[in-house]
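Below: the structure, in structure tokens.
Each value in this text was obtained by applying a stated rule to the coordinates, not by laboratory testing. Just so we're clear, the structure is a prediction, and the values are computed from it rather than from any experiment. Please note: Cβ atoms are built from the backbone with ideal geometry, for glycine as well, and neighbour counts cover all protein chains shown.
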Amino acid sequence: MVDRAHVRLAIVWAARIVVAVTFAVAAIPKIDDMLGFAEDIRAYQVFPVWSSHAIAAIVPMIELVGAAAILSGKDRWVRAGSVVLGVLTVAFIALIASVIARGIDLDCGCFGKQAEAEAVGWPTLWRDVALLAAIGVAAQRTRKLW
Amino acid sequence: MTWFALARDTLIVGTAGALLGVVSLAVRLDVPWLAPPPGPEPTACGVDESYATGAPSAPELPRIPVDDLGRRLDGVVIVDARSAAAFADSHIPGAISLPADDIDAIVASQSLPLPIDRDIVAYCDREGDIDALYVGLAIDAALGCGRVRVLDGGFTAWVAAKSPVEGIDRSG
């Protein structure tokens, strides 16, 4: 019997899967080609140049762990993972906004260097806003269904 | 769930990711932890920008007057393009003998006895001789550094300026 509680459960889990898969798919090529990602980071011209390798190593791992936490199903870790990925996404949005404001033309690097060069602009920003909304849904409790 | 618990769990997840990232960075041992972007390619020969000739294929090399060479005697590599006999007789102190006749063979066998991190000055007998230019261009092409000059006036000018020379003792 399908009722509101089940629909809500399905929606929350769909959001969790979408968020986790998005971040995992984003993280893996960046882990694979760390140097390429470091280059993309430098192109943003926001962080000190010497930090680009550290950032390139750490951010994708945080994305991966956050994605795993969301898929874990345990409310405690789902919430924590959502906060972590949410903070990351807010940071990405801020970065993109800064790039748009400064008129820098660069390749997003969001899905790694190998991915088709994706110019950073408003579409990228709105996509991340949608991701943030999905994270918000994914963070909802599923143990108690309301 | 309290805010404190959420903050703590968030910190745990974030730190776990950061630690994994640090480990992944350390695992790639050939990547420096904090690496500046690759700078401009280090110049092959010497550090004096004013020595740069530009295109190594130019049929001419910049000149250096005797006085300048005299001042820079220790910092440059000096190449004697004259015959071995002339070199043995008398040459600029510290010079290396690379006669114009032999330079092609030496370059072909890749046994140029020259360090590539210093400026190079080639000289021949006198102004108007092209041996030094020939040897200098060959060296420039072989090393590809664009840091080779020719001594203005050649060995004749060097001696005329009463600069020091080395050579076999001719008293006997």
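Assorted remarks:
- The fewest-to-most ranking of A:Val84, A:Val46, B:Val23, B:Val76 by surrounding Cβ atoms within 10 Å reads B:Val23, A:Val46, B:Val76, A:Val84.
- Around the amide H of B:Ser97, modelled in the peptide plane, lie the amide H atoms of B:Asp80, all under 5 Å away and 5 or more residues distant in sequence or on another chain.
- Residue-averaged beta-carbon neighbours from other chains (10 angstrom radius) around A:63-76: 3
- For segment A:1-113, the fraction of alpha-carbon pairs lying more than 18 Å apart is 55 percent, rounded to a whole number.
- Residue order, fewest to most surrounding Cβ atoms within 10 angstrom, among B:His91, A:His53, A:His6: A:His6, B:His91, A:His53
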